[in-house]
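The structure appears right after this line, and notes come after that.
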Amino acid sequence: MRLILAAAAVAASFLLVGCKEESTIVPPPFALTEEAMGRYCGMNVLEHPGPKGQIILQQIPEAIWFSSARDALAFTMLPEEPKDIAAIYVSDMGKAPNWDQPGAENWVDARRAFFVINSSARGGMGVDEAVPFSNENDARAFASKNGGRVVGFAEVPKAYILGVGAELPAADSSRTNDNGRGYEHG
C-alpha cells in the first residue's frame with residue numbers, strides 16, 4: 001500500500017511540475033495586419049511610421065496593439081493598465097524594410113531588446129520614440145546615425161516614455177531609481 005501511495009505522490013509531483021512549466025510558456029507574437037488598431041489612438045497601427053508594439057495578457061489570447069514601441073512601454077508603466085502581461089513585443093528595426101514599413105513579423109521580446117532613446121527619429125504620432133533592436137550593434141549604428149543612446153528595457157527612463165513633467169502618482173515612485181531611470185515595468 002505504501003508503494004502505491006509513494007508512486008502516486010511521485011506521479012502527482014510530475015503533473016504539478018508539468019503544469020508549472022506550461023504556465024511559464026511565453027506566447028508567440030502575432031503578425032501585424034490591417035485589422036490592428038492602436039490601444040491609445042484608436043487608429044489603424046499601419047497608418048503610423050516607425051516601430052510598433054503588441055502586448056499579450058495572460059488571460060486574453062490576442063494582441064493589444066500599439067502605434068509605437070513607446071506606447072507599448074507606457075502600457076507597462078501606467079498603474080491603471082493590467083499587470084498580467086504574458087509577453088511584450090516590439091518591432092525589430094534592425095530587420096525592418098524601412099522606417100515607414102517596420103515589418104509584420106520581425107518582433108523582438110521587449111525585455112530583451114536594445115532601445116535607442118533621445119534620437120532624432122519620431123514615432124507613431126510624431127513624438128520621441130524608443131527605437132527597438134534585437135541586436136546591440138544595430139542599435140549602436142542607429143544611434144551613431146540618428147543621435148541618442150542605447151539602453152535596455154529596464155533602463156528606459158519612465159519620464160522619457162510618459163513625458164517630461166508627466167503627473168505620476170506618488171505611490172508609483174518605486175518604479176524609478178535615484179537617477180530617474182525606470183525599472184520594474186512589465
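For residues that are acidic (Asp, Glu), surrounded by 14 or more Cβ atoms within 10 Å (Cβ to Cβ) and not in a strand (DSSP E or B), tally how many sit in the range 91-118. Explain how you work it out, then say what you get.
In the first step, residues of the range 91-118 are kept if they are acidic (Asp, Glu); the result is 92, 100, 105, 109.
Pick out the ones that are also surrounded by 14 or more Cβ atoms within 10 Å (Cβ to Cβ) and you get 92, 109.
If we keep only those that are not in a strand (DSSP E or B) too, we end up with 92.
Of the residues in that region, 1 qualify.
Kindly check whether there is at least one residue in the range 17-29 that is within 30 Å of Ser120 (Cα to Cα) and either in contact with a strand residue (DSSP E or B) (Cβ under 7 Å, 6 or more places away or on another chain) or modelled with pLDDT of 50 or more (or both). Even if it seems obvious, please write down each step before you answer.
Start the filter on the range 17-29 by keeping residues that are within 30 Å of Ser120 (Cα to Cα), which leaves 29.
Now restrict to residues that are either in contact with a strand residue (DSSP E or B) (Cβ under 7 Å, 6 or more places away or on another chain) or modelled with pLDDT of 50 or more (or both): 29.
Yes: the range 17-29 contains one or more residues that are within 30 Å of Ser120 (Cα to Cα) and either in contact with a strand residue (DSSP E or B) (Cβ under 7 Å, 6 or more places away or on another chain) or modelled with pLDDT of 50 or more (or both).
What residue, among those in the range 66-90 that are outside any helix (DSSP H, G or I) and under 11 Å from the mean Cα position of the chain (by Cα), is surrounded by the fewest Cβ atoms within 10 Å (Cβ to Cβ)?
Within the range 66-90, the subset outside any helix (DSSP H, G or I) is 66-68, 78-90.
Narrowing the set further to residues that are under 11 Å from the mean Cα position of the chain (by Cα) leaves 66, 68, 85-90.
Numbers: Phe66: 29, Ser68: 31, Ile85: 18, Ala86: 16, Ala87: 21, Ile88: 28, Tyr89: 28, Val90: 31.
Going through the qualifying residues, I end up with Ala86.
What do you reckon, is Gly126 in contact with a Ser or Thr (Cβ under 9 Å, 6 or more places away or on another chain) and among the small types (Gly, Ala, Ser)?
Spelling it out, it is not the case that Gly126 is in contact with a Ser or Thr (Cβ under 9 Å, 6 or more places away or on another chain) and among the small types (Gly, Ala, Ser).
Here's the yes/no breakdown for (1) out of contact with any Leu (no Cβ under 9 Å at 6 or more places or on another chain); (2) surrounded by fewer than 15 Cβ atoms within 10 Å (Cβ to Cβ); (3) not in a loop (DSSP other than H, G, I, E, B):
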site: Ser120; (1), (2), (3): yes, yes, no
site: Met125; (1), (2), (3): yes, no, no
site: Asp138; (1), (2), (3): yes, no, yes
site: Phe142; (1), (2), (3): yes, no, yes
site: Lys145; (1), (2), (3): yes, yes, yes
site: Val151; (1), (2), (3): yes, no, yes
site: Ala154; (1), (2), (3): yes, yes, yes
site: Ile161; (1), (2), (3): no, no, yes
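The values are calculated or read from the model by the stated rules, or taken from the named source; none is laboratory data. Because the structure is a prediction, the values reported are computed rather than measured. Virtual Cβ from ideal backbone geometry, glycine too; neighbours counted across all protein chains shown.
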